[in-house]
Structures are given as C-alpha cells and as structure tokens.
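Colleague: Here you go, one structure.
The values are calculated or read from the model by the stated rules, or taken from the named source; none is laboratory data. As the structure is a prediction and not an experimental result, all values here were calculated from the model. All Cβ positions, even for glycine, are placed from backbone atoms using ideal geometry, and neighbour counts span all protein chains on display.
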C-alpha cells in the first residue's frame, strides 16, 4: 500500500494520465479521483504501519484491492489496451494483462491472512 501511494504521489499528473487510459470517468472527475485514490492508499498504509486496530485495517485493504481487481477485470472485458495499469503511477509500468486482477486478489488474500492472524482479546480477559 505504501509503495503504491508513494509512486502515485510522486507523479500525480502521470497518474491522472494513466487513469485516462481506462476511459471510465468523465475528464472533470480524473483529478478528484486521483486525489481520492492516493488519499485512501496513504491512509491505509499509515493505518497499517501504526498498528492500531489492524483487523479493520486489513479488511479495508482487502476491500480496496478487491475493488482494484474488479476495475481491472471490467477493463479487460471491455477490451481496453492499457499500457500501464497504474499500480505505482508512472513508476514500474506494467500493461494490463489477463493475470493483473489475480495480483490484486493475492493482495486480498494477504489482507485476509493478516486479519486471521491477529489475535482478538477474548471476552474472559
């Protein structure tokens, strides 16, 4: 989450350019969308690093990555040619391929594993 937020933040205009290739939102919405995505990613990264209420943070990360997987899947079904999926903004560009959503599903699985591994206090304590 941290690498993704940092990469997008370092070249915001580049990330907006990546978002245009998805042809999914009106042009007027691209900058607010970019700011929103980056803000959510920074918030989740800092949340996880803080260690505060990690179970909820893990679920929030799972939800975000599930959304990314759905976004990519829909884009693939639309037949879009996306030269850079935008996972790290303009840095480390990877084209959108059939397995790109699977990478986000792996992150969903990792978030779920974190959620499962965190001990919750028992009621008797």
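Colleague: Does residue 3 satisfy the condition of being under 13 Å from the mean Cα position of the chain (by Cα), under 21 Å from residue 93 (Cβ atoms) and in a helix (DSSP H, G or I)?
Modeller: So residue 3 passes the test.
Colleague: Quick test for you: out of 63, 113, 24, pick the one residue that is over 16 Å from the mean Cα position of the chain (by Cα) and without any contact (Cβ under 8 Å) to a residue 12 or more places away in the chain.
Modeller: The unique qualifying residue is 113.
Colleague: Next question. Quick check on residue 84: is it closer than 19 Å to residue 4 by Cβ and either in contact with a strand residue (DSSP E or B) (Cβ under 8 Å, 6 or more places away or on another chain) or not in a loop (DSSP other than H, G, I, E, B) (or both)?
Modeller: When the stated conditions are applied, residue 84 does not pass them.
Colleague: A follow-up question, please. Please work out which one of (1) at pLDDT 95 or above; (2) surrounded by 12 or more Cβ atoms within 10 Å (Cβ to Cβ); (3) within 23 Å of residue 2 (Cα to Cα) is the condition residue 99 fails and give its number.
Modeller: Residue 99 satisfies every listed condition except (2).
Colleague: While we're on this one: Can we say residue 87 is at pLDDT 95 or above, crowded, with 18+ Cβ neighbours inside 10 Å and closer than 30 Å to residue 116 by Cα?
Modeller: no
Residues are listed down the side, and each one gets a yes or a no for (1) more than 30 Å from residue 79 (Cα to Cα); (2) surrounded by 17 or more Cβ atoms within 10 Å (Cβ to Cβ); (3) touching a strand residue (DSSP E or B) at 6+ places or on another chain (Cβ under 8 Å):
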residue	(1), (2), (3)
7	no, yes, no
18	no, yes, no
25	no, no, no
34	no, yes, no
41	no, yes, no
58	yes, yes, no
62	no, yes, no
67	no, no, no
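Colleague: What is the residue count in segment 89-103 for residues that are in a loop (DSSP other than H, G, I, E, B) and free of Cβ contacts under 8 Å to residues at least 60 places away in the same chain?
Modeller: 7
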